[in-house]
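The values are calculated or read from the model by the stated rules, or taken from the named source; none is laboratory data. All figures in this text were calculated on a predicted structure; none of them were measured in a lab. Neighbour counts are summed over all protein chains in view; Cβ atoms, including those assigned to glycine, are modelled from backbone coordinates with ideal geometry. Ligands, DNA and RNA are stripped out before the accessible areas are found, and what is left, the full protein with its side chains, is counted by its heavy atoms. Shrake-Rupley method; radii C 1.70, N 1.55, O 1.52, S 1.80 Å.
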Amino acid sequence: RGAIERICRDALGRFAGRGRADLVRDYALQVPMAMLHALLGLPDATDEELQRWSQALMDGCANYGADPEVWGRCDRAVAEIDAATDAAIARVRERPDESAISAMVHAGGDGRPLEAEEIHANTKLIVGGGLNEPRDGLGVAIWAMLTHPEQLALALEDESWWPRASEEALRWISPLALFPREAAKPIVLGGTRLEPGARLALNVAAANRDEHHWERPDEYDMTRPKQRNVAFGVGHH
């Protein structure tokens, strides 16, 4: 928490004196990018590389058209992340630190150390999901509060409202609108039989605005009765 608060203050301090800013570019992007640097343990990765890697991985996940140019960008990002991760693994074996990669190197899984392939996979998961969605979710939440001053006033008076403000922002404009999935076994959905390998796009943004589940679904209202939304899918995240 201390690191997060310091990163947020630093981001604000870089533009507070100007009196104006692009809150997505100057704040909502800068905070998760700094958090990735602090958390992950890739000190030599530049901001440009983190942005490029994260976008390339997300584009690859959604490349249903099998665009070879998209695959090429994704493959290059994977190779670069794996190389940076290998360098970090070698470093923290000798000098453990507080990074996620160090924790994975020195932790056990199922009674055994994690293998390099597992650390690679987790590192790519953190890079892929640790920049774009937090940027967009944070930007939407700031916009929601600034355009609903009565709700902002509630949160400023009582900080227990902030988790509700965040959850409602993620429901209202879900940072990841579509989840690409592939059928693993035969299944019937909506009267249509899908065979293994069938490709699906799960529209969670629409689910989070379902009028059968939410009253006034198109409105931002952090005071609405608490219900589960699917901005992060289903289950623990």
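Residues checked against (1) within 25 Å of the chain's Cα centre (by Cα); (2) within 26 Å of Asn63 (Cα to Cα):
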site	(1), (2)
Glu159	yes, no
Leu176	yes, yes
Pro180	yes, yes
Ala183	yes, yes
Leu189	no, yes
Thr192	no, yes
Gly197	no, yes
Ala201	yes, yes
All positions within region 92-113 that are assigned to a loop (DSSP other than H, G, I, E, B) and surrounded by fewer than 19 Cβ atoms within 10 Å (Cβ to Cβ): Arg95, Pro96, Asp97, Glu98, Ala107, Asp110, Gly111
Go through region 197-237 and give me each residue that's within 20 Å of Ala165 (Cα to Cα), touching a residue at least 60 places away in the same chain (Cβ under 8 Å) and not acidic (Asp, Glu). Tyr220, Met222, Thr223, Lys226, Asn229, Ala231, Phe232
In region 59-91, which residues are touching a residue at least 40 places away in the same chain (Cβ under 8 Å), surrounded by fewer than 19 Cβ atoms within 10 Å (Cβ to Cβ) and hydrophobic (A, V, I, L, M, F, W, C)? Cys61, Ala62, Val78, Ala87
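Matching residues to (1) assigned to a loop (DSSP other than H, G, I, E, B); (2) open to solvent by less than 50 Å² (accessible area, probe 1.4 Å); (3) more than 20 Å from Ile81 (Cα to Cα); (4) of a type outside the set (Lys, Arg):
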position	(1), (2), (3), (4)
Arg6	no, no, yes, no
Ala11	no, yes, yes, yes
Gly17	no, no, yes, yes
Ala21	yes, yes, yes, yes
Val31	no, yes, yes, yes
Leu36	no, yes, no, yes
Leu39	no, no, no, yes
Asp44	yes, no, no, yes
Glu48	no, no, no, yes
Given the residues Arg76, Arg20, which is the only one that is under 18 Å from Ile142 (Cα atoms) and basic (Lys, Arg)? Arg20
In region 114-130, what residues are open to solvent by 20 Å² or more (accessible area, probe 1.4 Å), in contact with a helix residue (DSSP H, G or I) (Cβ under 7 Å, 6 or more places away or on another chain) and among the hydrophobic types (A, V, I, L, M, F, W, C)? Leu114, Ala116, Ile126
Restricting region 168-196 to residues that are touching a residue at least 60 places away in the same chain (Cβ under 8 Å) and either in contact with a Gly (Cβ under 6 Å, 6 or more places away or on another chain) or not in a strand (DSSP E or B) (or both), the one surrounded by the most Cβ atoms within 10 Å (Cβ to Cβ) turns out to be Arg171
Can you name the condition, by its number, that Ala198 falls short on among (1) under 30 Å from Asp22 (Cα atoms); (2) of a type in the set (A, V, I, L, M); (3) modelled with pLDDT of 90 or more? (1)
Since His37 meets every condition but one in (1) more than 24 Å from Ile119 (Cα to Cα); (2) without any contact (Cβ under 8 Å) to a residue 40 or more places away in the chain, which condition does it not meet? (1)
Those residues of region 201-228 which are out of contact with any His (no Cβ under 9 Å at 6 or more places or on another chain) and open to solvent by less than 40 Å² (accessible area, probe 1.4 Å), in sequence order: Val204, Ala205, Asn208, Trp214, Pro217, Arg224
